[in-house]
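Down below is the structure, laid out as structure tokens.
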Amino acid sequence: MGTVTESRLGAPRWLAIPALLGLVFVLLPLLAMLGRVDWPGFGELVTSDSARDALGLSLRTSLTSTVLCVVLGVPMATVLARTNLPGRGLVRSLVLLPLVIPPVVSGIALLYTFGRRGLVGEPLEMLGVEIAFSTAAVVLAQTFVSLPFLVISLEGALRTAGQRHEAVAATLGASPTTVFRRVTLPLVLPGLLGGAVLAFARSLGEFGATITFAGSLQGTTTTLPTQIYLERFSDPDAAVALSLVLVVVAVAVIGLARPGRGVL
Amino acid sequence: MTARGGEGVGDGVDAGGLLVDVVVAPRDVTVRIEVPPGQTVALLGPNGAGKSTVLGVAAGLVEASSGTVALAGRSLVGVPPYRRRVALLAQEALLFPHLSVLDNVAFGPRSRGDGRSAARAVAHRWLARVGAEDLAPRRPGTLSGGQAQRVALARALAAEPLLLLLDEPMAALDVEVAPAMRQVLREVLLDRTTLLVTHDVIDALMLADHVVVLEDGRVVEEGPTREVLTRPRSTFAGRIAGLNVVPGRWGPGAVTRGEHRFHGRPDGVEPGPGEHVVAVFSPSAVTLVGGPAPDGASNTWTVRVQDVEPAGDRVRVRTRVADLVLTAELRASAAAAVDLAPGAVVHLSVPADAIAVHPAHRG
């Protein structure tokens with residue numbers, strides 16, 4: 001009985017054809033890449049000095065930028081979801097800007113902010129702090145492009161959770177800080193984790209803004225995507241092997257995020 | 001009982017009552033409601049009358065445009081919800097899903113600054129008080145509606161509120177579990193300052209000392225529960241008391257409403273001519289006859305049948321005349337003798353000595 005209803009109310013059958021086409025379109029390039037992997041030399045290719053440096057740097061910087069995204073993004077999402085400030089819609093659009101502008105443009109913008117002659121970079125340099133073309137620059141570039149992912153996920157989770165539990169907590173004598181810590185955050189934890197995973201994945205794959213703003217110095221600013229880009233002509237086998245590593249990490253991240261309800 | 005959690009079980013924490021005398025302009029609510037210390041006031045009224053707004057104002061969740069809110073001799077104007085000591089129990093339990101039942105109840109004591117184990121000891125006591133101690137280790141998601149509502153009550157009481165707000169606490173419960181919850185409430189509300197929003201006459205009868213009836217954001221009737229339910233002056237109070245209430249003006253010997261006249265016996269002093277009065281009569285005093293209008297009979301009106309439903313061993317017939325709904329309760333044999341199809345025209349009559357006439361409430 002149930003199956004009859006489901007098949008009757010399901011999507012039109014012809015939709016299956018374009019849907020299947022889309023799936024093939026997503027999977028085929030990955031399979032094509034797998035077909036070109038130099039399996040006998042794989043171990044050596046992904047454990048070379050430059051490869052290990054790049055992978056280590058990518059994981060370190062992505063983790064750091066994810067932490068930064070949480071530290072900055074949680075308050076941003078909370079303010080957007082829980083206050084009625086005028087111009088909130090505009091602020092939200094501005095926050096989402098890094099999602100839609102090309103990463104290379106983000107890199108240029110960061111360069112004119114934190115670069116040597118930049119708005120903030122110049123005074124910082126006088127204090128002896130140099131950001132551009134350093135590991136810090138990699139983290140900044142990754143944080144810049146990843147922050148909207150965390151803010152969007154968390155704001156959605158906050159809106160879905162609503163404020164009724166928070167109101168009850170307040171009438172039980174909990175101060176706003178206690179409510180935030182003991183009620184709001186636990187209620188939206190799945191959304192927060194999902195957002196953090198998205199931000200991490202975005203950071204891991206960041207390339208355009210990073211190479212523009214941070215350049216490529218082995219062990220300092222050459223992340224895994226940059227390494228792949230640089231090696232794709234000089235050593236295609238290495239590029240393919242490292243790409244596979246990145247795919248595996250990404251799949252692992254998605255697997256991790258799946259319990260985070262409805263986020264991915 | 002020296003532990004903090006032992007307080008509030010009717011031992012004098014409720015030293016003062018509640019006064020809500022406010023205007024909430026955006027919702028067109030202008031009310032003055034008092035809850036004497038240690039008493040329970042039931043707030044009745046149709047949907048959208050402003051009952052929840054009043055609760056929101058008392059809890060600090062809705063801002064009044066102007067006026068006074070005071071509890072236990074202290075003004076609550078500008079005091080944030082978490083400093084008011086006003087706990088709210090709504091239709092839904094709204095337990096925190098990430099905390100165990102015990103930690104839900106311990107939430108109030110913890111927020112007050114108690115340590116974890118002290119707060120849990122208080123929570124255990126309150127769970128026992130509402131008969132839900134065995135639920136302590138459970139997660140809220142595994143509870144039935146009735147269990148969750150008991151836990152929510154324990155959680156509200158464990159916060160040691162000076163005022164308890166109940167927003168239709170039984171409305172979402174199954175009819176089988178509501179009586180047990182009502183009995184628990186009856187016990188814990190004794191000597192506790194409480195404002196109770198309800199639709200249910202049984203809640204008002206069993207739990208409330210006083211009744212306030214709201215309509216369209218104004219108080220239309222108030223008084224001791226028994227008096228309001230036996231001598232209702234507003235159509236809403238009449239409806240929930242199961243009585244017909246016909247507002248009108250006192251003419252010579254009858255309540256006049258448009259071209260209709262309801263002869264009755266004034267309750268106490270005879271009202272002056274033109275005074276606002278209500279005619280109140282029980283549905284079981286009403287008889288219905290079909291066919292042509294009986295000639296010259298007093299207190300007989302031609303009405304239209306709206307709907308018919310069973311009421312115990314009787315049949316309840318709602319009829320309409322102009323904008324007035326009048327209910328008749330007939331024996332099945334009497335009902336069978338009349339055509340009661342919705343829309344049918346029948347003649348409704350009430351003996352004059354079954355109609356009580358009271359002065360209308362002037363709010």
Rg (one decimal) and Dmax (whole number) from the Cα set of region B:4-230, in Å, equal 16.8, 50
Taking chain A and counting helices only, DSSP H stretches of n ≥ 4 at -39,500 (n - 2.57) each over all residues, the nearest-500 ellipticity at 222 nm comes to -23500 deg cm²/dmol
Residue-ordered couplings for region B:236-248, obtained by feeding phi - 60° into the Karplus form 6.51 cos²θ - 1.76 cosθ + 1.60 and rounding to whole Hz (Gly and Pro as x), are 5, 4, x, 4, 6, 7, x, 10, 7, 10, 10, x, x
For region A:113-118, in residue order, the Karplus 3J(HN,Hα) values (coefficients 6.51, -1.76, 1.60; θ = phi - 60°; whole Hz; Gly and Pro = x) are 9, 9, x, 3, 9, x
From DSSP H assignment alone, runs of 4+ in chain B each adding -39500 (n - 2.57), the sum over residues rounded to the nearest 500 puts [θ] at 222 nm at -6500 deg cm²/dmol
Between residue A:177 and residue B:118, Cβ-based FRET efficiency (R0 22 Å, step 0.05) works out to 0.55
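Partner chain Cβ atoms within 10 Å, averaged over the residues of B:58-64 - can you pull that number for me?
Details: counts 1, 4, 3, 5, 0, 0, 0.
That average works out to 2.
Order these peptides, A:49-55, A:26-32, B:303-309, A:152-158, by their mean beta-carbon neighbour count within 10 angstrom, highest first.
On the way: A:49-55: 17.3, A:26-32: 10.0, B:303-309: 15.3, A:152-158: 23.1.
Packing proxy ranking, top to bottom: A:152-158, A:49-55, B:303-309, A:26-32.
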Measuring from the longest principal axis of the C-alpha atoms of chain B, the long axis of helix B:116-129 (C-alpha) lies at a number of degrees, nearest 10, equal to 30 degrees
Fraction of alpha-carbon pairs in the protein assembly as shown farther than 36 Å apart, rounded to whole percent, equals 59 percent
When the charge dipole of region B:243-359 is computed with +1 on Lys and Arg Cβ and -1 on Asp and Glu Cβ about the Cα centre, the Cα farthest towards its positive end, among B:255, B:315, B:354, belongs to B:315
Averaged over the residues of A:172-183, the number of partner chain Cβ atoms within 10 Å of each residue's own Cβ comes to 6
Out of B:20, B:346, B:219, a Gaussian network model of chain B with alpha-carbon springs under 10 Å gives the largest mean-square fluctuation to B:346
Computed over region B:243-359, the convex hull of the Cα set has an average projected area, in nm², of 7.1 nm²
Label model pair residue A:49, residue B:216: point-to-point distance (7 angstrom along the Cα→beta-carbon line) in nm is 8.8 nm
So, with points 7 Å from each Cα along the Cβ direction, the residue A:217-residue B:267 label distance in nm works out to 9.2 nm
In the protein assembly as shown the DSSP beta bridges are antiparallel at a rate, in percent to nearest 5, of 75 percent
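For region B:4-230, give me the percentage of DSSP beta bridges that are antiparallel, rounded to the nearest 5 percent. Walk me through the numbers before you get to the answer.
Working: 21 of 37 bridges.
Roughly 55 percent of the beta bridges in region B:4-230 run antiparallel, per DSSP.
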In whole Hz, the Karplus estimates of ³J(HN,Hα) for region B:143-159 (6.51, -1.76, 1.60; θ = phi - 60°; x where Gly or Pro) are 8, 6, x, x, 5, 4, 5, 4, 5, 4, 5, 4, 5, 5, 6, 5, 6
Neighbours of residue A:240 by Cβ distance under 15 Å: Lys/Arg at +1, Asp/Glu at -1, summed charge -3
Region B:131-163 and region A:174-204 have their Cα centres apart by a whole-number Å value of 26 Å
Mean per-residue count of partner chain Cβ within 10 Å for A:90-99 equals 0
Expressed in angstrom and rounded, the centroid-to-centroid distance over alpha carbons for region B:333-363 and region B:27-84 is 38 Å
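Given a Förster radius of 56 Å and the C-beta distance between residue B:284 and residue A:19 as r, what FRET efficiency does 1/(1 + (r/R0)^6) yield to the nearest 0.05?
For R0 = 56 Å, the calculated efficiency reads 0.25.
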Taking a crude spin-label model, label points 7 Å out from Cα along the C-beta direction, the residue A:120 to residue A:104 distance in nm is 2.5 nm
With the 8 Å Cα cutoff and a minimum separation of six or more residues, chain A has a relative contact order in percent of 29 percent
The relative contact order of region B:205-344, taking Cα pairs under 8 Å that sit 6 or more residues apart, comes to a percentage of 16 percent
Computed on Cα atoms, the radius of gyration and Dmax of region A:88-188 in angstrom are 18.9, 54
So residue A:63 and residue A:91, fully extended at 0.36 nm per residue minus their Cα-Cα distance, gain in nm 7.4 nm
Looks like chain A, by Cα gyration tensor root eigenvalues a ≥ b ≥ c and the a/c under 1.5 rounded cutoff (else prolate when a/b is bigger than b/c, oblate otherwise), is oblate
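Read the figures in this text as sums done on the coordinates, not as results from a lab. These numbers come from a predicted model, not from an experiment. No Cβ is skipped: glycine too gets one built from the backbone with ideal geometry, and neighbour counts run over all protein chains shown.
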